[in-house]
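The next block holds one structure in the form of structure tokens; read it before the comments.
The values are calculated or read from the model by the stated rules, or taken from the named source; none is laboratory data. These numbers come from a predicted model, not from an experiment. Because the Cβ atoms are built from the backbone with ideal geometry, glycine has one as well, and the counts that use them run over all protein chains shown.
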Amino acid sequence: VDAVVTTHRHGDHWQALAPVVEATRARTYAGREDVDGIPVTTDVPLDDGDTVAFGRISLTARHLVGHTPGSIALVYDDPHGHPHVFTGDCLFPGGPGRTTRPEDFQSLMSGLEEKVFNLPDEAWIYPGHGNDSTLGAERPHIQEWWARGW
């Protein structure tokens, strides 16, 4: 294990971080705006468009404000196939992640449309909880999510 990326500052996404880092000495990465909320030092704060490279693999960070101020998704653009997106709690099958204020919902949805749904329908999404999906399966529901406000 060379790298551990925390998608956002909620405790259920970093509970095992300290023992994993201690056991592996992996570098830690997280969205810049969330590093203060993660109780393990972040070696590399990530901004939108930054990359995390290990071996021959490179992931691109997409900063998605709304679930938390520093939430990120990670995109692996497979040169031999379709993209893969690790969405943390920003996107699940059936809609965006939890937000607490209307402006957070609007920010998250706008970010998803601009930075995630710009990928092809074949892109797989892997949320922080639950089942995987594809952007093609979720895309037809975007206007429904906007209308319901969550």
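Data for the structure
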quantity: Pairs with Cβ under 6 Å, 6+ apart, first in region 1-18 and among the aromatic types (Phe, Trp, Tyr), second part of a strand (DSSP E or B); calculated: Trp14/Thr6
quantity: Index of the failed condition, His82 passing every other in (1) surrounded by 21 or more Cβ atoms within 10 Å (Cβ to Cβ); (2) touching a residue at least 40 places away in the same chain (Cβ under 8 Å); calculated: (1)
quantity: Candidate set from region 24-38 (those that are of a type in the set (Lys, Arg) and over 23 Å from His129 (Cα atoms)); member that is farthest from the chain's Cα centre (by Cα); calculated: Arg25
quantity: Wholly within region 1-117, strands (runs of 3 or more DSSP E) carrying at least 2 residues that are β-branched (Val, Ile, Thr); calculated: 3-6, 51-54, 57-63, 72-77, 83-88
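The rows are residues; the columns are (1) modelled with pLDDT of 95 or more; (2) surrounded by 15 or more Cβ atoms within 10 Å (Cβ to Cβ); (3) under 14 Å from the mean Cα position of the chain (by Cα).
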{"residue": "Val1", "(1), (2), (3)": "no, no, no"}
{"residue": "Arg9", "(1), (2), (3)": "yes, yes, yes"}
{"residue": "Glu22", "(1), (2), (3)": "yes, no, no"}
{"residue": "Val40", "(1), (2), (3)": "yes, yes, no"}
{"residue": "Val52", "(1), (2), (3)": "yes, yes, yes"}
{"residue": "Gly70", "(1), (2), (3)": "yes, yes, yes"}
{"residue": "Ala73", "(1), (2), (3)": "yes, yes, yes"}
{"residue": "Cys90", "(1), (2), (3)": "yes, yes, yes"}
{"residue": "Pro96", "(1), (2), (3)": "yes, yes, yes"}
